[in-house]
Amino acid sequence: MSDITPEIIESHTVSRETPVYKLDATEAFKKLTEKEKLYSHYLSQACWWGSKICLGQTSVESAPIFHLLQNIFSLSTFKALREKLVPSVVSEVEYNDLLLYAATFYGNMGNYLSFGDSKFIPRIPKEKFEKIIKTINNETISKYWSQCGELMYSLEKNQRELGVDGNGISTYYSPNITKVEIEKVQKFLDSIHLSPYNTRLFKVSENNYNVLVASVNTIPVKSHQYEGYTINIVYGDWSKDLARVADNMRKAIPYAANDNQVNMLKKYVEHFEDGSIEVFKDSQRWWIKDLQPTVETNIGFIETYRDPAGVRGEFEGFVAMVNKEMSQKLTTLIDKAEYFLAKYPWPKEFEKAKFNRPDFTSLEVLTFASSGVPAGINIPNDMGIRQNEGFKNVSLGNVISARKDEYVTFIPDEDQKMYNKLQNDAFEVQVAIHELLGHGSGRIFHKNADGTYDFDTSIINPITGKPIDLDHEVYKTGETYDSVFKSLGSSWEECRAECCGMYLSPDLSLLELFGFKGQEAEDVYYINWLIMARAGICALEFYTPELKKWRQAHMQGRFAILQVFLRSGLVKLEVTDDNVLVRLDRAQIRSKGLPGVGEFLKILNIYKATANVKAATALFDDYTSVDAQFIKIRDIVLAKKKPRRVFVQSHTHLNVNNQVYIQDFADNAEGVIESMITRFGTEE
């Protein structure tokens, strides 16, 4: 008997209310010089061609779906296609459902949501979609439909979300592999200091595995024996897409503004061609030296959120222009960073001895090519570079501002007006703290290759009251935060950074740096805490009860913070049969909220510093377990959930005179589709 109920189908079907917002960068782009426009153009091209890798990192059917949609909507104009199909083949509503599915697919660069990792299917019935295919009667389109039609609509239990070992699908791994095998191969990779960031892992046969390394070039396969396993290192994964990336990076070099950018681009090209993560780290070293550029960029296999094991990076690339006014506020925050870092509730020994002053800018995004668009970024993710050499923070201003007033679920009516008025301001402050003073704070304790330690071994662990245990509370040689914390790492770090925002946002001297004083400052930090409390409720959408599994790192962290609020008495929930309201006592934020968050934040930081993944796992099992009451609340959340935004992004072109012009698209589903047809056409 199938367990695919109408409720399951509806929860995985693209909503007709999916909003499409324009990521507006046109005015910022027009202010660039011709040289800067050319630099931006080639980097943007590199990002978009690389983003096709995301299709293959999502599902086996994503690439055929992409080509199916590209071909369908390239045949004629939207008007002509609509006239051909409506109403003789499908209704107006069904045709619009097809458009929204395509826009959602393009917005996530695959058929699983980038935020939540759950599969989505078209609302247009399969038989109607198939009728469209037959009416169009095109050999190429029919070929792609035969490759993806069944999987596009399939909601079999193992296909509803990303995962491994019988708990979902993942194209980072072959479907016949287990967690035990993944972990054993990872131990081998750690032993030879080969980063998994730009790899996939496929089981060839019993005890025989291929580690696929992303690179343009191929070299003879290297086979290794390890504890009964044969592990083959195979270069050349994603070679065609990476060749386009490297080619456009080369074309950008003549238009670089300085030697740091030139060296950065050369290292990027070398990395994409040869697949070396050590070379990629060199590109990031040049990148962090390129301070306050007019055009900012970063590209590569970056975030590990979507890898069920938490060690393999998804491809992403962005190009953006600096918003000088907002960047000045962020620079002021950097100037005061050490002052604010000293306020955190952990001993100074658990903070870096020297704050590596990062670049922190507010950007207007021209291109963000990946499975989703974040509001802020703190990279490089390599803890060695971050701790010892530096990092950069970026706040994506036109992403944060792409909002509209609306009725906000789960908060009282009396807070609606203030919430809509101040949510952008509050979120801007939260993103700034989260990225700079959250991800940019704290340190980890390492044992060096020569047997020495990179910290004073007499340091007292404030949780145990004893000196750091040199056998169990340090990262051993070759270990990294990701390799130790694995799948827990992203959720733990995002929770820590969010707690940093909660802890510092009531600081009136910090709020003044952003221009908020008096009652407005009080209101901004209240709304910030209310946003987080509500986010803890909304997080339940991203929890799968059947598997007792969280599907999104930020949301698991936010649910943990909601538990801190509840346990401290700061928040109470009013639950009825069909609604839940978050009641946050603003008068108690300082007296109850801050001590509760501070103690939790201290533990988060110390467990990370001391590689204490065992205690960390137990803590998160406690704070992010979902009991019967929250399962009931989850049903309410699902009934009231609103679809996430899809962004339509501009595109740049070269004319016959080698000048760059920018093309905008409508902020609707047709605009998203047109933008992707313009970028990629129907190329295989």
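Each reported figure results from applying straightforward, stated rules to the coordinates on display, with no laboratory input. This is a predicted model, so every value here is computed, not measured. Heads up, the Cβs are rebuilt from the backbone with ideal geometry, glycines too, and the neighbour counts pull from every protein chain shown.
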I'd like the per residue volume of the convex hull spanned by the Cα atoms of the stretch 120-230, given in cubic angstrom. 151
Sort 446-458, 28-40, 566-578, 484-496 by packing, meaning the average of other beta carbons within 10 Å per residue, with the highest value first. 484-496, 28-40, 566-578, 446-458
By the gyration tensor of its Cα atoms, with a ≥ b ≥ c the square roots of the eigenvalues, what is the shape of the stretch 289-375: rounded for a/c under 1.5, prolate for a/b over b/c, or oblate? oblate
For the stretch 5-34 and the stretch 579-620, distance of Cα centres in Å: 33
Alpha-carbon Debye profile of the stretch 406-640, log10 I(q)/I(0) at 0.16 Å⁻¹: -1.14
State the extension gain, in nm to one decimal, for the chain segment bounded by residue 225 and residue 463, taking 0.36 nm per residue of separation less the distance between their alpha-carbons. 81.6 nm
Helix-only [θ]222 nm of the chain, DSSP H runs n ≥ 4, -39500 (n - 2.57) each, per residue, nearest 500: -15000 deg cm²/dmol
Counting only Cα, what are the radius of gyration and maximum Cα-Cα distance Dmax of the stretch 542-684, in Å? 22.8, 66
Phi angles of the stretch 149-155, converted by Karplus (6.51 cos²θ - 1.76 cosθ + 1.60, θ = phi - 60°) into ³J(HN,Hα) in whole Hz with x for Gly and Pro, give x, 5, 5, 4, 9, 5, 10
Just to check, using Stokes-Einstein with a Kirkwood Rh over alpha carbon pairs, what's the diffusion coefficient of the stretch 394-545 at 4 °C and 1.567 mPa s in µm²/s? 71
Let me see the pair-distance distribution of the chain: every alpha carbon pair, 20 Å bin width, integer percents in order. 17, 54, 28, 1
The set of residues whose placed amide H lies less than 5 Å from the amide H of residue 224, leaving out same-chain residues fewer than 5 positions away, is 231, 232, 233
On a full-extension model of 0.36 nm per residue, what is the gain between residue 156 and residue 294, subtracting their alpha-carbon distance, rounded to one decimal in nm? 44.9 nm
Taking only the alpha-carbon atoms of the stretch 458-552, what semi-axes of the equivalent ellipsoid follow from 5 times the gyration tensor eigenvalues under a square root, in whole Å, largest first? 33, 24, 11
Order 112-119, 553-560 from most to least packed using the mean count of other Cβ atoms within 10 Å. 553-560, 112-119
Convex hull volume per residue for the stretch 327-394, taking Cα atoms only, in Å³: 116
Karplus ³J(HN,Hα) for the stretch 283-300 (6.51 cos²θ - 1.76 cosθ + 1.60, θ = phi - 60°; Hz, whole; x = Gly/Pro) runs 4, 6, 5, 5, 4, 5, 7, 7, 7, 6, x, 5, 10, 9, 7, 7, 7, x
Phi-derived 3J(HN,Hα) across the stretch 389-395 with the Karplus relation (6.51, -1.76, 1.60, θ = phi - 60°), rounded Hz, x for Gly and Pro, is 10, x, 7, 10, 10, 9, 10
Given +1 on the Cβ of Lys and Arg, -1 on the Cβ of Asp and Glu, and no further charges, what dipole in debye does the stretch 406-640 carry about its Cα centre, rounded to the nearest 20? 400
Starting with the highest mean, order 342-353, 53-64 by the number of other Cβ atoms within 10 Å, averaged over the residues of each peptide. 53-64, 342-353
If amide hydrogens are placed 1.01 Å from N in the peptide plane, which non-local residues have theirs closer than 5 Å to the one on residue 303? 314
Would you pull out the residues with amide H under 5 Å of residue 173's amide H, same chain only if 5 or more places away, H placed 1.01 Å from N? 201
Once the Cα gyration tensor of the stretch 204-325 is diagonalised, what are the square roots of 5 times its eigenvalues, in whole Å and ordered largest first, as equivalent ellipsoid semi-axes? 32, 16, 12
